[in-house]
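Data block below; observations after.
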Amino acid sequence: MTVRKLTLSAAATTTVLLLCGAALTGAAASPAAASTTATTSTTAPSTTAPTAPTDPSASSADPSTSATLAPPTSGTAAATVAAPAQGSAPATATTAPVLALSSFDPGSGTAVLAPATAGPQSLSAQAASADAASAVQPGQLIDSPPTPAAPHGALVAVTGVQSTADGKVAVTTRPATLPELLGGTSTNLRSAVSPSSFEVHPQIGGVKVVTDFGATSGQGSVSGSLGLSADATVPLPDGSSAKLSGSVSLHPAIDFSYQGGLGLIDPQQARVGFTLGAHADWRVSANLSASTGPVRIPLATYSASPVVMVGPLPVVINLAFTLSADVSADGTVTLDAEQAYDGQWGVHSDYVKGPGWTTTTDPGSSTVSPLRLDLRGSASAKAGLLAEGSIALYDTVGVKASIEPYLRAAVNGSVVLDGTSTTPTVNGTAALYGGLDINGALMARLAILGTPILEADLPFLAFHREWPLVSVGAGQSPVPLVNWTALSAGLFDDNRSAYLKTRPDWDPRALKASCPDGTRLIGLSHGGDNGLCTDVTKPDLWDAGHAYVVDHGGTYVTTDWAPGYAKAQCPAGSVLTGYSRDGRTMGALCAKSAAPLGTSTRTLWFDKGDNRPTAAAGGDFSYGFAKGQCANDEVAAGLAYTQPWWQLWAARPYALLCQKLA
């Protein structure tokens, strides 16, 4: 999933729904993600991270298997009893009677299989009397879609079998892994999830669930909506209340891929993620004061357990979302705001054998259309609609994230926008800020993929951005916050530059990452394919003509600032805004600077450990890897690289050339 730059129209910023509607879209689906068409590949695409040299004897051991989303079932779905994968071949379903999990205790591993009441085929009376115990043997796998006994599905290996009455069979089990199920299979699925798959539970009165089962598009997109009725009144801690009205429609999609290895230890690659598109027509009316918050009010929960069929083998993915209203104030203000919102966001975790796990959030793209706004008082108030989501394989691996687009208003007087004009009427002083907060973590239980088990969740870099909405501001100009953006090119391109997305590929065949327009690269990691961008001290350094060059071979190197290492360096007057890696070589994306640069430079080594300024901002942008970061009053002008002894097929950066700003 390519990370996109969040864009908001200036006029759109004027309404409080920005905070409310946007939050919901924390998880939007891109057009590709909204398609139910499964795609498969027999080899990793060229944009994936490099893997270890393959065994020549295994050149044909990467079979591709189609993946489809199974339709929802009624009754108790049948489990697949299969002989585990052998080498590159996936597990093979047995001819056992059609059975389903009627009880399952994950803690003890005990389970009971009984005749299925629904599924590809229902068990007949004659089949029910068959000796199921003789068909279920120790060492086999039980791969179960969600059932009342196992709501998140189950993937276990049988360790013991005991027959019971009525065609049932009791088994003892241990947890199994996807490599035991899928072997060396490669498969890929990006698919919308039907609203009929979701259970939606309102959390407060006045919230109405409205699901749209309209005709799907040619790409198989689906839609659902949660309506917040105009009479939904939410009590606030200070004794006042907030009125919420409007509707939100969601477009959820899942992203799953798997590329097996040569053994049953762990895969070569895997991905699990979700996207969520949203449209909101939203209105918030409230009297807010310093005692109001922050207050988080759950509105509704969504949950679904779609089943991905990899050939005949089910893989269970569990999705969960919670939608909450989030309001706060540090003074007294009355607001009545209405706006329309469209956007998308997504999150995924990727595993590559060797480097391990990385988690990426896609801030997506958002547009807000102001309808009307009436804001009066003396305070700074914030309102958002917080979306919290998680995705897991069965119940043992996944990623969780929260996103909250919000509107913050600082007002001493009034701002009125009546819907007939895009220009507000301001009496006094007022400033509006749009903002986006993203937080989350890779969930710790990774045994399902056979990867090393972690004891704690791995947080990924929080994304925070706040920007002034000058089209609706008056009085003192607000001070924008510094932007910090983490890049990750370990598995896919991470091009954040909106301008470069309109241009030809700036480094074909290479994994690459570029900073958002207006920011520059200030940090790199030694082993994680991660970078850090910022506009600290000097924003918008790229010249108006958007001139740029890409250097691979040190064309612009004038002094040997990193002896013994290959270098990629920017020409004089340019700054580093991106990086690329094509096997054993690295490239530097250099943007022509709009401002003069200083002449003082230094070499910043970071191969032995972190080398960052004291109290460096930007967070841990490459968890678990050594990082280098230039000072806030410097730009990165070049990178030095070579191949580490433990990974001779992949170049890694060892040092940055840091150059003073003028």
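The values are calculated or read from the model by the stated rules, or taken from the named source; none is laboratory data. The shown structure was predicted, so the numbers you read here are calculated from the model rather than taken from an experiment. Don't worry about glycine lacking a Cβ; one is built from the backbone with ideal geometry, like all the others, and counts go over all protein chains shown. The protein model used for the area step is the full one, side chains on, heavy atoms only, and it has no ligands, DNA or RNA in it. Shrake-Rupley method; radii C 1.70, N 1.55, O 1.52, S 1.80 Å.
Given the criteria surrounded by fewer than 19 Cβ atoms within 10 Å (Cβ to Cβ), modelled with pLDDT of 80 or more and in a strand (DSSP E or B), does T301 qualify? When the stated conditions are applied, T301 passes them.
On the basis of being touching a residue at least 40 places away in the same chain (Cβ under 8 Å), crowded, with 21+ Cβ neighbours inside 10 Å and within 18 Å of H552 (Cα to Cα), does L521 make the cut?
Working: touching a residue at least 40 places away in the same chain (Cβ under 8 Å): yes; crowded, with 21+ Cβ neighbours inside 10 Å: yes; within 18 Å of H552 (Cα to Cα): yes.
Yes.
The residues in region 394-406 that are in contact with a strand residue (DSSP E or B) (Cβ under 6 Å, 6 or more places away or on another chain) and either farther than 30 Å from Y258 by Cα or in a strand (DSSP E or B) (or both) can be counted, and the count is 9. Within region 365-381, if we keep just the residues that are buried (at least 24 other Cβ atoms within 10 Å of the Cβ) and out of contact with any helix residue (DSSP H, G or I) (no Cβ under 7 Å at 6 or more places or on another chain), the residue that is modelled with the lowest pLDDT turns out to be A381. A127 passes every criterion in (1) loosely packed, with under 15 Cβ neighbours inside 10 Å; (2) at pLDDT below 90 apart from (1). When region 575-590 is examined, which residues are found to be farther than 17 Å from T537 by Cα, at pLDDT 95 or above and more than 27 Å from the chain's Cα centre (by Cα)? Once the filter is applied, which keeps residues that are farther than 17 Å from T537 by Cα, at pLDDT 95 or above and more than 27 Å from the chain's Cα centre (by Cα), region 575-590 yields only C590. Number of residues in region 256-283 that are open to solvent by less than 20 Å² (accessible area, probe 1.4 Å), out of contact with any Phe, Trp or Tyr (no Cβ under 6 Å at 6 or more places or on another chain) and closer than 30 Å to L407 by Cβ equals 7. Residues in region 138-179 that are crowded, with 19+ Cβ neighbours inside 10 Å and acidic (D, E): D143 alone. Any residue that is more than 18 Å from P71 (Cβ to Cβ), part of a loop (DSSP other than H, G, I, E, B) and at pLDDT 80 or above - is there at least one of those in region 240-253? Yes, because at least one residue in region 240-253 is more than 18 Å from P71 (Cβ to Cβ), part of a loop (DSSP other than H, G, I, E, B) and at pLDDT 80 or above. Looking at T485, T537, just one residue is β-branched (V, I, T) and assigned to a loop (DSSP other than H, G, I, E, B), and that residue is T537. If you check D336 against the conditions, is it open to solvent by 30 Å² or more (accessible area, probe 1.4 Å) and among the charged types (D, E, K, R)? Yes; evaluated as a whole, the condition is true for this residue.
Would you mind stating whether W561 is surrounded by fewer than 23 Cβ atoms within 10 Å (Cβ to Cβ), touching a Leu at 6+ places or on another chain (Cβ under 9 Å), among the aromatic types (F, W, Y) and outside any strand (DSSP E or B)?
Against the criterion (surrounded by fewer than 23 Cβ atoms within 10 Å (Cβ to Cβ), touching a Leu at 6+ places or on another chain (Cβ under 9 Å), among the aromatic types (F, W, Y) and outside any strand (DSSP E or B)), W561 qualifies.
Condition check ((1) under 31 Å from the mean Cα position of the chain (by Cα); (2) free of Cβ contacts under 8 Å to residues at least 12 places away in the same chain; (3) surrounded by 21 or more Cβ atoms within 10 Å (Cβ to Cβ); (4) under 27 Å from G583 (Cα atoms)) across all residues:
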residue	(1), (2), (3), (4)
G598	no, no, no, no
S622	yes, no, yes, yes
N632	yes, no, no, no
V635	yes, no, yes, yes
L639	yes, no, yes, yes
P644	yes, no, no, yes
Y654	yes, no, yes, yes
L657	no, no, yes, yes
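Provide a single number: the residues in region 600-616 that are open to solvent by 40 Å² or more (accessible area, probe 1.4 Å) and either part of a strand (DSSP E or B) or not basic (K, R) (or both). So the answer is 10. Set side by side, the residues T334, T322 differ, and just one is touching a Lys or Arg at 6+ places or on another chain (Cβ under 6 Å), at pLDDT 85 or above and under 22 Å from E404 (Cα atoms), which is T334.
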